[in-house]
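J.: Please read through the structure below; I'll follow up with questions.
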Amino acid sequence: MKYELIATSAMGLEALVAKEVRELGYECEVENSRITFKGDELAIARSNMWLRTADRVKIKAGEFKAYTFDELFEKTKAIPWEQFLPENAEFPVSGKSQKSKLFSVSDCQAIVKKAIVERLRTHYKKTSWFEENGPLFKIEVSLVKDVATLTIDTSGSGLHKRGYRVNQGEAPLKETLAASLVMLTNWTADRPFADPFCGSGTIAIEAALIGQNIAPGFNREFVSEGWDWISDSVWDQVRTEAEDLAKYDQPLEIIGSDIDHRMVKIAEENAFEAGLGDLVTFKQMRVQDFTTKRDYGVIVSNPPYGERLGEKSAVEQMYKEMGKALIPLDTWSVYIMTSNENFEKLYGKPATKKRKLFNGFIRTDYYQYWGKRPPREI
């Protein structure tokens, strides 16, 4: 069967997610925070396995205008839910509403649940309650400007949960955002890569996964693996494809450093969990002490922002020292994400380009300093 699929995305990353969807071979349409494309069961498995920057992959079960609860009930009931849900399916319903006449989320959830039960009861000829002790189908009703969209989540845990993070610091960067930061640069696997504020190692680990073309979902499971209408052979095919496309022999030069020795230890543990322990080097070091004899490298980092009371002046001083250490590396490209609006002034150089991004709910800029281009090989 062909399904209408939605890859959800953080604000500002839609173009990256759309690029990834197209690279998998699916045409797509881009809206705010969602990328819509059509595909079969294989597409569901492949997009979960390969999308580095998407939050999750959902099936769009139906979409319609709904101004009244009656309308919501009847139009939900008209959807062929039996194509998705077996008789023993566990199907919790969550919801959200924006700028819609039906604004009570709890009422909308209850009505959608009741409509699905009615539909399934007729189809499965049930008179008693459904046990709901089978596979999980997380259903969402989203109302935006009186348009109800009903989706089924195929991912389970969000796609940022790659399965390698055994530990983290107090403000961890989502793996999907870390991958995006790397993919927005000019880095290629044959160039050195560094993160001088590595924290729990997420940016460096994501760079290594990208560098060796390792599928981000290779180390985890997805809720749709438990659905009987996506056969085990589909998942076997997708995992075999991921194994075949990985470039495990691609040499990488990736270094993560941090002033906090505890974070360096956590980063090392996470890299080993990801199977990349030998590929990424972590060490304790201040950014002021960053030096290199290598040329044409790339630095990607998410330093402290100084958002907390009392931290701002120390962070701003550190930005100044960072500039003194990194600006002389004229063949290196430097990419820094921070919410500090004075960053360029403190760093000591205007950015080549900057891009607005959100780190969770914090609005940040991604400051891009492009180094000299390597001479073209003859």
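J.: Here is a check on your reading of the model: is residue 220 surrounded by 14 or more Cβ atoms within 10 Å (Cβ to Cβ) and part of a loop (DSSP other than H, G, I, E, B)? Full working, then the answer.
T.: Values: surrounded by 14 or more Cβ atoms within 10 Å (Cβ to Cβ): yes; part of a loop (DSSP other than H, G, I, E, B): yes.
Taking the combined requirement at face value, the residue satisfies it.
J.: Taking the stretch 118-145 on its own, how many of its residues are at pLDDT 90 or above, under 34 Å from the mean Cα position of the chain (by Cα), over 17 Å from residue 61 (Cα atoms) and of a type in the set (D, E, K, R)?
T.: 1
J.: State all residues of the stretch 175-197 that are at pLDDT 95 or above and assigned to a loop (DSSP other than H, G, I, E, B); if no residue qualifies, say none.
T.: At the first step, the residues of the stretch 175-197 found to be at pLDDT 95 or above are 175-185, 187-197.
Selection gives 184, 185, 187, 188, 189, 190, 191, 192, 196, 197.
J.: Which members of the stretch 223-236 meet the condition of being outside any loop (DSSP other than H, G, I, E, B) and touching a helix residue (DSSP H, G or I) at 6+ places or on another chain (Cβ under 7 Å)? I'd like the intermediate steps shown before the answer.
T.: Within the stretch 223-236, the first condition is being outside any loop (DSSP other than H, G, I, E, B), and the residues that meet it are 223-226, 232-236.
The answer is 224, 225, 234, 235.
J.: Residues that are part of a helix (DSSP H, G or I) and modelled with pLDDT of 95 or more: does the stretch 274-285 have at least one?
T.: Filtering the stretch 274-285 down to residues part of a helix (DSSP H, G or I) leaves none.
No - not one qualifying residue is present in the stretch 274-285.
J.: What's the number of the condition residue 144 fails, among (1) among the aliphatic types (A, V, I, L, M); (2) assigned by TED's automatic domain parsing to the domain that holds residue 275; (3) free of Cβ contacts under 8 Å to residues at least 60 places away in the same chain?
T.: Result: residue 144 passes all but (2).
J.: Residue check, residue 272 against (1) more than 30 Å from residue 90 (Cα to Cα); (2) surrounded by 13 or more Cβ atoms within 10 Å (Cβ to Cβ); (3) in contact (Cβ under 8 Å) with a residue 12 or more places away in the chain, all met but one. Which one?
T.: (3)
J.: Might you let me know whether the stretch 83-93 holds any residue that is more than 16 Å from the chain's Cα centre (by Cα), loosely packed, with under 14 Cβ neighbours inside 10 Å, closer than 30 Å to residue 121 by Cβ and polar (S, T, N, Q)?
T.: The answer is yes; a qualifying residue exists.
J.: Is it the case that the stretch 345-357 has a residue that's modelled with pLDDT under 95 and either among the β-branched types (Val, Ile, Thr) or outside any strand (DSSP E or B) (or both)?
T.: From the stretch 345-357, those modelled with pLDDT under 95 are none; that's our starting set.
The answer is no, given that none of the residues of the stretch 345-357 is modelled with pLDDT under 95 and either among the β-branched types (Val, Ile, Thr) or outside any strand (DSSP E or B) (or both).
J.: Please determine whether any residue of the stretch 91-100 is assigned by TED's automatic domain parsing to the domain that holds residue 8, out of contact with any helix residue (DSSP H, G or I) (no Cβ under 8 Å at 6 or more places or on another chain) and among the aliphatic types (A, V, I, L, M).
T.: no
J.: Filter the stretch 306-332 down to the residues that are polar (S, T, N, Q) and part of a helix (DSSP H, G or I), then identify the one that is surrounded by the fewest Cβ atoms within 10 Å (Cβ to Cβ).
T.: Applying the first criterion (polar (S, T, N, Q)) to the stretch 306-332 yields 313, 317, 331.
Okay, now just the ones that are also part of a helix (DSSP H, G or I), so 313, 317.
On the way: 313: 9, 317: 12.
That would be 313.
J.: Given the structure, is residue 109 out of contact with any helix residue (DSSP H, G or I) (no Cβ under 7 Å at 6 or more places or on another chain), buried (at least 18 other Cβ atoms within 10 Å of the Cβ) and either farther than 22 Å from residue 228 by Cα or not aromatic (Phe, Trp, Tyr) (or both)?
T.: yes
Listed here are the residues, each with its yes/no results for (1) of a type in the set (Gly, Ala, Ser); (2) more than 27 Å from residue 111 (Cβ to Cβ).
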{"position": "12", "(1), (2)": "yes, yes"}
{"position": "19", "(1), (2)": "no, yes"}
{"position": "28", "(1), (2)": "no, yes"}
{"position": "35", "(1), (2)": "no, yes"}
{"position": "38", "(1), (2)": "no, yes"}
{"position": "61", "(1), (2)": "yes, no"}
{"position": "84", "(1), (2)": "no, no"}
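J.: Quick check on residue 244: is it outside the structural domain of residue 139 (by TED's automatic domain parsing) and not in a loop (DSSP other than H, G, I, E, B)?
T.: Values: outside the structural domain of residue 139 (by TED's automatic domain parsing): yes; not in a loop (DSSP other than H, G, I, E, B): yes.
Judged against the criteria, residue 244 is a match.
The values are calculated or read from the model by the stated rules, or taken from the named source; none is laboratory data. Everything numeric in this text was worked out from a predicted model, so none of it was measured. We place every Cβ from the backbone using ideal geometry, glycine too, and count neighbours over all the protein chains shown.
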